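The values are calculated or read from the model by the stated rules, or taken from the named source; none is laboratory data. Computed from a prediction, not measured in an experiment: that's the story for all the values here. Don't worry about glycine lacking a Cβ; one is built from the backbone with ideal geometry, like all the others, and counts go over all protein chains shown. Heavy atoms of the whole protein, side chains included, go into the accessibility calculation; ligands, DNA and RNA do not. Shrake-Rupley method; radii C 1.70, N 1.55, O 1.52, S 1.80 Å.
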Amino acid sequence: EVRLEESGGALVQAGGSLRLACEVSGFPVRSNYLSWVRQTPGKGLEWVSVLYSGGGTYYADSVKDRFIISRDNSKNTIYLQMNNVRAEDSAIYYCARVDGYMPDYWGQGTLVTVSS
Amino acid sequence: QSALTQPRSVSGSPGQSVTIACTGTNSDVGTYNFVSWYQHHPGKAPKLIISEVTKRPSGVPDRFSGSKSGNTASLSISGLQPEDEADYYCSSYSDTYTFGLFGGGTKLTVL
């Protein structure tokens, strides 16, 4: 059974840092595209970052140079290191496997709230 | 990044049918058959219910169906059940962006 479980969401002050984790079961992270997608009431669903199976990465312009996506193959887990967070980063963050160009399996999300 | 356009809400009574539209452009929905639909009960993981416009993953009831005409894709749900009450999102491959576009989401209320 495929399962993705996010953790690490919290209340953090603007300018601070946070690390999200997504533990995956049912398929190996090393051979799949894994992503972080966030949801806000105002902007809906938005790609944040994608980690390609070969190790390459994609970042949305809004998070480039602040966020870092990575994985630990031994733990079958991906991470999102969020640095210098801003109020507009407040959202529910979902981990999702990318099949082609779109997600197929998702986690249930973790809430990040940035206070100013 | 422009989102695909969906109605904010639709509603129907148990047993009825509803259709949710998802409008894009010639750079996405209109040209490519890579439209997906997700069902999302808040607090739970979004679930893929339609891929490549019309394909239903294993386990998705055949009450759910997808179609496309021009720049608009549609999700139809027949024989509405109370558990169908959820948010529904469309997505599409786009030749303008690195990864696909999402719709703004439609809240389905089963009256």
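Would you confirm whether any residue within the range A:33-40 is among the aliphatic types (A, V, I, L, M), more than 11 Å from every other protein chain (Cβ to nearest Cβ) and farther than 27 Å from B:S92 by Cβ?
no
Return the only residue of B:G12, B:G24, B:G43, B:G30 being surrounded by fewer than 21 Cβ atoms within 10 Å (Cβ to Cβ), touching a strand residue (DSSP E or B) at 6+ places or on another chain (Cβ under 7 Å) and not aliphatic (A, V, I, L, M).
Details: B:G24 fails: surrounded by fewer than 21 Cβ atoms within 10 Å (Cβ to Cβ); B:G43 fails: touching a strand residue (DSSP E or B) at 6+ places or on another chain (Cβ under 7 Å); B:G30 fails: touching a strand residue (DSSP E or B) at 6+ places or on another chain (Cβ under 7 Å).
That would be B:G12, the only listed residue that is surrounded by fewer than 21 Cβ atoms within 10 Å (Cβ to Cβ), touching a strand residue (DSSP E or B) at 6+ places or on another chain (Cβ under 7 Å) and not aliphatic (A, V, I, L, M).
Does the range B:39-48 include one or more residues that are touching a Pro at 6+ places or on another chain (Cβ under 9 Å), hydrophobic (A, V, I, L, M, F, W, C), within 13 Å of another protein chain (Cβ to nearest Cβ) and within 22 Å of A:A96 (Cα to Cα)? Explain how you work it out, then say what you get.
Of the residues in the range B:39-48, the ones touching a Pro at 6+ places or on another chain (Cβ under 9 Å) are B:39-40, B:46-48.
Keeping just the survivors that are hydrophobic (A, V, I, L, M, F, W, C) gives B:48.
From what's left, within 13 Å of another protein chain (Cβ to nearest Cβ): B:48.
Checking which are within 22 Å of A:A96 (Cα to Cα) leaves us with B:48.
Yes, the range B:39-48 contains a residue that is touching a Pro at 6+ places or on another chain (Cβ under 9 Å), hydrophobic (A, V, I, L, M, F, W, C), within 13 Å of another protein chain (Cβ to nearest Cβ) and within 22 Å of A:A96 (Cα to Cα).
Among the residues of the range A:4-18, which ones are over 16 Å from the mean Cα position of the chain (by Cα) and open to solvent by 40 Å² or more (accessible area, probe 1.4 Å)?
Residues of the range A:4-18 over 16 Å from the mean Cα position of the chain (by Cα): A:11-16.
Across the range A:4-18, the qualifying residues are A:L11, A:Q13, A:A14, A:G15.
Residues that are crowded, with 19+ Cβ neighbours inside 10 Å: find the strands (runs of 3 or more DSSP E) completely inside the range A:53-116 holding 2 or more of those. Walk me through it before giving the result.
Details: elements: A:57-59, A:67-72, A:77-82, A:91-99, A:102-106, A:110-115.
Result: A:67-72, A:77-82, A:91-99, A:102-106, A:110-115.
Here are B:S92, B:S74: which of them is out of contact with any Pro (no Cβ under 9 Å at 6 or more places or on another chain), under 17 Å from B:T5 (Cβ atoms) and more than 14 Å from every other protein chain (Cβ to nearest Cβ)? Talk me through it step by step, then tell me what you get.
On the way: B:S92 fails: more than 14 Å from every other protein chain (Cβ to nearest Cβ).
Result of the check over B:S92, B:S74: B:S74.
Out of all the residues in the range A:74-116, which are of a type in the set (A, V, I, L, M) and either more than 14 Å from every other protein chain (Cβ to nearest Cβ) or in contact (Cβ under 8 Å) with a residue 12 or more places away in the chain (or both)? Before you say what the answer is, go through the steps one by one.
At the first step, the residues of the range A:74-116 found to be of a type in the set (A, V, I, L, M) are A:78, A:80, A:82, A:85, A:87, A:91-92, A:96, A:98, A:102, A:111-112, A:114.
A:I78, A:L80, A:M82, A:V85, A:A87, A:A91, A:I92, A:A96, A:V98, A:L111, A:V112, A:V114, listed by residue number.
Quick one: in the range B:95-109, of everything that is within 14 Å of chain A (Cβ to nearest Cβ) and polar (S, T, N, Q), which residue is least open to solvent (accessible area, probe 1.4 Å)?
The initial filter retains those residues of the range B:95-109 that are within 14 Å of chain A (Cβ to nearest Cβ), namely B:95-107.
From what's left, polar (S, T, N, Q): B:96, B:98, B:106.
Values: B:T96: 86, B:T98: 76, B:T106: 1 Å².
Top of the filtered list is B:T106.
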